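Encoded as structure tokens, the structure appears first; notes follow it.
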Amino acid sequence: MTSTVARSGNRWADKPPHSRAWKGRRGRSRRAAALEQDRAAGGTDRRWIDLGDGRRARASVELKLLPRTRRIRAYLRWSDRGRSPTRYLGEVEHATRAENLAEGWRLALARGLLARPGTHATSWAKNPAVRAVMRANKARDTGPERRLRSVLHGSGLRYRINAKPLPGLRRTADIVFFAARVAVFVDGCYWHGCPEHYRPARVNDRFWRDKIDSNRARDRETDQLLEDAGWTVIRVWEHDDPQEAAARVEGVVRG
């Protein structure tokens with residue numbers, strides 16, 4: 001299993017990364033750029049994304065350096081009817097551009113952003129149930145999150161959303177009460193392995209099983225790191241009743 005980058009430090013904290021870690025060669029042709037992306041993705045058939053309505057687009061991973069923080073970020077970019085949508089993938093910290101591009105493609109695949117090789121243009125996966133899960137998955141601002149936030153706001157609580165409880169820790173909580181030091185995570189049943197509703201994928205089962213196991217391990221690590229820093233962590237499943245979940249959160253925050 002190939003793990004995604006999840007580091008709490010910055011290998012370039014003392015000096016900026018060398019340009020070979022992120023910058024493309026000047027004067028290269030479009031063909032050369034396409035071949036570079038193909039190699040990083042593992043083949044040209046692994047660069048497709050589903051646009052819906054039977055349409056697909058070939059994506060590319062773009063690397064950008066943030067000079068102030070000396071961090072390299074990876075983005076997925078494609079063209080759609082004159083627009084150039086972009087999706088942030090994460091930070092990468094390898095020494096070469098080739099390695100960082102490959103890491104970006106692995107992040108895109110792990111997040112379900114790419115169409116499966118050899119499947120129909122509108123299909124995220126051969127199994128309809130898995131395809132529905134993939135399309136419903138969002139990194140933030142999901143339906144369960146919005147419903148929980150609405151109940152909490154209605155009870156008079158104020159909070160931050162999609163915030164990092166600890167500035168030096170690259171872990172983002174869905175709802176954060178900084179004064180009370182309470183971090184709330186709304187976990188999706190598929191991606192976090194809900195014991196009630198998670199069902200293994202029928203296609204590429206080993207890959208997805210490893211991914212879910214990795215997410216579970218990361219969740220446990222996140223909980224421990226925050227608790228060690230004096231925070232209270234509350235995890236809510238997406239299937240939980242928002243009124244009951246909100247009452248649980250309110251009891252901790254006001255308690």
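The values are calculated or read from the model by the stated rules, or taken from the named source; none is laboratory data. Just so you know, these numbers come straight off a predicted model, no measurement behind them. Methodologically, a virtual Cβ is constructed for each residue, glycine included, from the backbone with ideal geometry; neighbour enumeration extends over all protein chains shown.
Out of (1) surrounded by fewer than 18 Cβ atoms within 10 Å (Cβ to Cβ); (2) aliphatic (A, V, I, L, M); (3) in contact (Cβ under 8 Å) with a residue 12 or more places away in the chain; (4) not in a loop (DSSP other than H, G, I, E, B), what's the single condition that is false for Ala217? Failed condition: (3). The set of residues from the stretch 169-189 being more than 15 Å from Asp240 (Cβ to Cβ) and among the aromatic types (Phe, Trp, Tyr) comprises Phe177, Phe178.
Give me the residue from the stretch 76-118 that is under 16 Å from the mean Cα position of the chain (by Cα) and charged (D, E, K, R) and, out of that set, nearest to Pro17 (Cα to Cα). Here the answer is Glu91. Just checking, does the stretch 33-43 include any residue being part of a strand (DSSP E or B) and either at pLDDT 90 or above or assigned by TED's automatic domain parsing to the domain that holds Ser84 (or both)? So far as the stretch 33-43 goes, no, none of its residues is part of a strand (DSSP E or B) and either at pLDDT 90 or above or assigned by TED's automatic domain parsing to the domain that holds Ser84 (or both).
Evaluate the stretch 228-235: report whether one residue or more is modelled with pLDDT of 95 or more and part of a helix (DSSP H, G or I). Among the residues of the stretch 228-235, at least one is modelled with pLDDT of 95 or more and part of a helix (DSSP H, G or I), which makes the answer yes.
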